[in-house]
Amino acid sequence: MGQKTNPIGFRLAVNKDWRSKWYAGKKEFGKLLTEDRQIRDLLKKKLETASVPKIQIERAANRCRITIHTARPGVVIGRKGAEIDKIKEELSKMTGKEIYVDIVEIKQPEIDAQLVAENVALQLNAAFHFGAR
């Protein structure tokens, strides 16, 4: 019987990078890790329709830089940047830190496995609801 290996942890040194880049002492580590999870959960929930497969978090002292990789940057930014400003404000209140948000467009979303899986799930869900009537 084989051992199950986390695919991201297995590839970290070879062709993947960390999702969070920061250092903390033993006392702060758990708090910052929980905060990272809360940030990702909040952004995934808010940007459900924006096709967001990856969120990177970098920290330095009292600042936090969040990079959102998305196939639909217009949905994330909103009209005249209103949506992104709301997100920054909400994250700043939640963390108590200065937040910078960068948006990176994914040029070929059909290559990203996470986006393909979400698209298939969405299609199956729509087909199920359509067939149930």
Between region 34-64 and region 86-133, what is the separation of their alpha carbon centroids in Å? 11 Å
Of all beta bridges DSSP finds with both residues in the chain, what is the antiparallel percent, to the nearest 5? 40 percent
Give the calculated FRET efficiency between Val75 and Ala117 to the nearest 0.05, with a Förster radius of 25 Å applied to their Cβ-Cβ distance. 0.85
Among 77-89, 55-67, the order from most to least packed when residues are scored by Cβ within 10 Å on average: 55-67, 77-89
With a 1.4 Å probe and every protein chain left in place, tell me how much accessible area Leu124 has, in Å² to the nearest 10. 120 Å²
Let me have the 222 nm mean residue ellipticity of the chain computed from DSSP H runs of 4+ only, each contributing -39500 (n - 2.57), with the sum over all residues rounded to the nearest 500. -15000 deg cm²/dmol
Check cross-link reach from Lys107 to the lysines: straight Cα distance under 21 Å, and skip same-chain residues fewer than eight apart. Lys16, Lys44, Lys54
In debye to the nearest 20, how big a dipole does the chain give about its Cα centre with +1 on each Lys and Arg Cβ and -1 on each Asp and Glu Cβ? 340 debye
The chain, relative contact order [Cα under 8 Å, separation at least 6], %: 20 percent
Would you work out if region 1-91 is rounded, prolate or oblate? Take a ≥ b ≥ c from the square roots of the eigenvalues of the alpha-carbon gyration tensor; rounded if a/c is under 1.5, else prolate when a/b is larger than b/c, oblate otherwise. oblate
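The values are calculated or read from the model by the stated rules, or taken from the named source; none is laboratory data. Owing to the predicted nature of the structure, the values given are computational and were not obtained by experimental measurement. Please note: Cβ atoms are built from the backbone with ideal geometry, for glycine as well, and neighbour counts cover all protein chains shown. Please note that ligands, DNA and RNA were not included when accessible areas were found on the heavy atoms of the full protein model with its side chains. Shrake-Rupley method; radii C 1.70, N 1.55, O 1.52, S 1.80 Å.
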